[in-house]
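All of the numbers you see were taken from the coordinates with simple rules; none came from a lab. Everything numeric in this text was worked out from a predicted model, so none of it was measured. No Cβ is skipped: glycine too gets one built from the backbone with ideal geometry, and neighbour counts run over all protein chains shown.
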Amino acid sequence: MADCIFCKIAGKEIPSGMVYEDDRVVAFKDLEPQAPVHVLVIPKKHVESILALQEEDKELIGHILCEVVPKLAKELGVDAKGFRIVANTGEDGNQTVKHLHFHLLGGRSMQWPPG
Ligand code: AMP
Ligand code: ZN
């Protein structure tokens, strides 16, 4: 989608600290890390949020959560102690980039409630 910063990162039109790529997914370092490990895992295809997912996207989300995230957690060294996955959604979720992304945060003890 034109003017979507994460579509541009996925298409390598703008640089990022990419840590993972396959045919449907990329993961890259967050510009403003909130933890020692903070990467964003996104589908290459533009989907605004969880609310915009279609039936045909179920396999893609399963791939991200069941395969890509565990693989990245191991590679980034946060599998043993744990980590957090966050998908901020909509206004109250404080979603600032309107391209579905999963924050993978780790390397420190997380707080609850998240604020
Ligand atoms: P959210 O507030 O959940 O929509 O998260 C958007 C995230 O994208 C924030 O954590 C930003 O720091 C991050 N971000 C925005 N632009 C970039 C960029 N060009 N490269 C990497 N991370 C970015
Ligand atoms: Zn996009």
Query - In nm, spacing of pseudo-spin labels at residue 48 and residue 24 (7 Å Cα→C-beta vector) - result: 2.3
Report task. Go ahead and estimate [θ] at 222 nm for the chain from helices alone: -39,500 (n - 2.57) per DSSP H run with n ≥ 4, summed, over the residue count, rounded to 500. Result -> -4000 deg cm²/dmol
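Could you list the GluC sites (Glu not before Pro) in segment 1-105 that lie in coil according to DSSP, counting only those with at most 12 other Cβ atoms within 10 Å of their Cβ? Walk me through the intermediate numbers first.
Values: sites: 13, 21, 48, 55, 56, 59, 67, 75, 91; in loops: 13, 48, 91.
In loop regions of segment 1-105 (DSSP not H, G, I, E or B), the sparsely surrounded GluC sites (Glu not before Pro) are 13, 91.
Quantify how much of the Cα-Cα distance distribution of segment 5-106 extends past 19 Å, in percent.
Tail of P(r) above 19 Å: 39 percent of Cα pairs.
Pairs 12/58; 45/98; 74/98: which exceed 21 Å Cα-Cα?
On the way: 12/58 25 Å; 45/98 12 Å; 74/98 28 Å.
Beyond 21 Å: 12/58; 74/98.
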Report task. Could you tell me the distance between the Cα centroids of segment 4-30 and segment 42-107, to the nearest Å? Result -> 13
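Taking the Cβ of residue 8 as the center, what net charge do the other residues with Cβ under 15 Å away carry, scoring Lys and Arg +1 and Asp and Glu -1?
Numbers: positive: 12, 44, 45, 98; negative: 3, 13, 21.
Once positives and negatives cancel, what remains is +1.
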Report summary line: Label model pair residue 1, residue 89: point-to-point distance (7 angstrom along the Cα→beta-carbon line) in nm is 1.6
Query - Hz values of 3J(HN,Hα) by residue in segment 48-62 - Karplus curve (6.51, -1.76, 1.60), Gly and Pro given as x - result: 5, 6, 3, 5, 9, 5, 10, 3, 5, 8, 4, 5, 5, 5, x
Report task. Go through the chain and flag any cysteine with no other cysteine's C-beta closer than 4.7 Å, please. Result -> 66
